[in-house]
Amino acid sequence: MTTEPEECAVKWCNETGEHSVHRLYLTSLCAWRGSWLLGVNTVQANHDTPHVELTASTKQGRPAIVPLDPAEAKTVGRALIEAASRATR
């Protein structure tokens, strides 16, 4: 199923034009001395439950996309906060 953005029932969706996967782009940043591009999105395809999508790519490479269920994303988030805290002590 594809939808036009003005007809999209998913109010949080940032996608434009016809789309079958709804995506909310939360952050995109250059990391580790500008050599990596990281992204975090909320994603929902058709009538599936929403999940988190973590993307990582180098400037020359193809992106790696890691789908995470909400509990997995929370675990990764807590671990990142802990690691950042330890790295700045």
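Quick rundown of the values:
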| item | result |
| --- | --- |
| Crossing angle, helix 70-87 versus the chain [Cα axis fit, 0-90 degrees, rounded to tens] | 30 degrees |
| Mean separation of Cα contacts under 8 Å (6+ apart) over length of the chain, as relative contact order % | 16 percent |
| Packing-based ranking, highest mean first, of 69-81, 25-37 given that Cβ atoms within 10 Å are counted | 69-81, 25-37 |
| Kirkwood-Stokes translational diffusion coefficient of the chain, alpha-carbon pairs, 4 °C, 1.567 mPa s, µm²/s | 88 µm²/s |
| Size of electric dipole in the chain: Cβ of Lys, Arg +1 and of Asp, Glu -1, about Cα centre, debye, nearest 20 | 800 debye |
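Read-outs: derived from the displayed coordinates by stated rules, not from any lab. Nothing here was measured: the structure is a model prediction, and the numbers come from that model. Here the Cβ is made from the backbone with ideal geometry for all residues, glycine too, and neighbour counts use every protein chain on show.
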